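Values quoted throughout were computed directly from the atomic coordinates according to the rules given, and no laboratory measurement underlies them. Here the structure is a predicted model, which means the values were calculated and not measured. Glycine also receives a Cβ, built like all others from the backbone with ideal geometry; neighbour counts cover every protein chain displayed.
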Amino acid sequence: MSKVIAIAARDLKSWLHSFSFYLLAVFFLGVAGYFFWSGLSYFSLVSYQVATNPKLQVVSLNLTEGVLSSFLASLAAVLLLLIPVLTMRSLAEEKSQGTLELLFTYPISDVQIVIGKFLSLLALVFLLVSPTIAYFFLARAVGAKFETVSLLTGYGGLLLVGASFVALGLLMSSLVERQAVSAGIGFAILLFFWIVGWMAEWTSPTLGIVFKEMSLVEHFRDLGRGIVDTKDLAFFILFISFFLFATLSTLEIRTWKK
Amino acid sequence: MISVQNVSKFFGPIKALQNITFEIKRGEVVGFLGPNGAGKTTMMRLITGFFPPSEGQVLIDGKDLCKSKSEIRRKIGYLPENNPLYRDMTAKDFLSYVAQLKGISFRTQKTAIQKTAEQCGVESVFNRLVGKLSKGYQQRLGLAQALLGDPELLILDEPTNGLDPKQIVEMRNLIQLLRHERTILLSTHILSEVQMTCERVLILNEGKMAADLELKSIEASLEDIFLKVVNKEVELCQK
């Protein structure tokens, strides 16, 4: 485990020493701040209209449905854009610099390398996302009280989505040596998994179910609303495991005998 | 210490190594020669366990590299051909990272790093970024990472590659100092380096073992022998 932590810590330190991480963080937090502000303002406007118009009072309004879930869905969409940029360096850079050869000849296993890389990227996603929790404390100061359980579940779901993006990005980084290409292909595939559920309406019912079940958005929807369903958790765990296993397999191609 | 038995390595249709057999005893310093593309780096990667042979076996201290990877890798220090380093780390952080990956216990890490840094003469650049170091210091740092953990077997793939004449002499002297304690396999294109450093020379040509010679027993110059071997005028496979 200490070797896994050493690999994760090295990569994390390398990112934290680079200017590009802070540039990404400023972009992410800026966009997130805008989404939160606009979501909360819209909710406040709608609440006011509902409160002043008796005909509309049948509509039930709550902050989790009205603000939290759409805010987290927007954050997930921004992460979809940013995470391939974070993951593109991971294994591709080690490959192009030749340092992967060093790692392969040290007394560590390929599994330790993959998990170490995965954890470092997950930590980066956590560092990007966690400051946005402060927005909810600010909102509390002006009277918008969010349910703590929904907030924690929603953020847990967002981290699972982030981890899924990281696992897929890591595979791309192990397959493609050119970082920009790795990020581009990673983004395209993530986008497919994001929007595949939309195609369900235009296809046969059977295929529609398959598309919906493949969609990251569909499985994130309930988590974003603070609802934990084991089916969604199982989907994310399977998604992450599959892409980490695929990454491991690409590293192990070199150990094939012919 | 190293026993290579009927080893072949194929990359798809390309036969990089064909039926190579040799043994290296503990404490021997062996030079590995051959023209570019002869298969030297492939052979070295096989010995380090980077990848397995397509056919045959590589045994280190009687153990198959493919079966007891982790245990054997602890005995090996490897300096790859292009000396890959993490350029965004300081020399100290880099060595500390390597020490952790090599499983050197936390208590002995500091002493091990200090000792290796002194041996390789990199303690003066400890706090500098690796990417900002001169080629000579980078090469020393590459050797230091290979030496960390006190490996019994050192595999050096063109350690003087890209160095100026002064740095070549310094690196050669460093290797001379290390030879008393370890088994060394040294790949190079500089024949004089082999003559000064090694006791034995293996020459690979087109993926085949073309010569295996004790340097003491050679009467002609190594250059003559090398040229004759790679031009296939003679075959000198017996020691």
Whole-Hz ³J(HN,Hα) from phi, Karplus 6.51 cos²θ - 1.76 cosθ + 1.60, for the stretch A:161-175, glycine and proline x: 4, x, 5, 5, 4, 5, 4, 5, x, 5, 4, 4, 5, 7, 8
Reachable lysines from residue A:145, criterion Cα separation under 24 angstrom, eight or more residues apart if same chain: none
Shielding by other protein chains, B:75-88, mean Cβ within 10 Å: 4
Pairwise centroid distance, computed over Cα atoms, of the stretch B:62-114 with the stretch A:121-159, Å: 40 Å
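With an 8 Å cut-off on Cα pairs and a minimum separation of 6 or more residues, tell me the relative contact order of the stretch A:2-255 in percent. Each step should come with its number before you reach the end.
Details: 277 pairs, mean separation 66.6, N = 254.
Dividing the mean separation by the residue count of the stretch A:2-255 yields 26 percent.
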Per-residue ³J(HN,Hα) for the stretch A:235-250, Karplus 6.51 cos²θ - 1.76 cosθ + 1.60, θ = phi - 60°, Hz, x for Gly and Pro: 4, 5, 5, 5, 4, 5, 4, 4, 6, 5, 5, 5, 4, 4, 5, 5
Integer Hz, Karplus 6.51/-1.76/1.60 couplings in order for the stretch A:42-47, x for Gly and Pro: 4, 4, 5, 5, 4, 4
For peptides A:156-162, A:19-25, B:122-128, sequence by mean Cβ density within 10 Å, most packed first: A:156-162, B:122-128, A:19-25
Neighbouring partner chain Cβ atoms per residue of A:103-113, average, 10 Å criterion: 6
Hydrodynamic radius by Kirkwood, which averages 1/r over all alpha carbon pairs of the protein assembly as shown, in angstrom: 25.9 Å
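Quickly rank B:218-224, B:82-88 as a protection proxy: mean count of other C-beta atoms within 10 Å, highest first. Write down the numbers at each step before the final one.
Numbers: B:218-224: 11.9, B:82-88: 18.9.
Going from most to least packed, we get B:82-88, B:218-224.
Just the number, please: Stokes-Einstein D of chain A in µm²/s, Kirkwood Rh from C-alpha pairs, 10 °C, 1.306 mPa s.
Values: Rh = 19.8 Å.
Roughly 80 µm²/s, to the nearest whole number.
Can you tell me what share of the DSSP beta bridges in the protein assembly as shown is antiparallel? A percent to the nearest 5 is fine.
Details: 21 of 39 bridges.
In the protein assembly as shown, approximately 55 percent of DSSP beta bridges are antiparallel ones.
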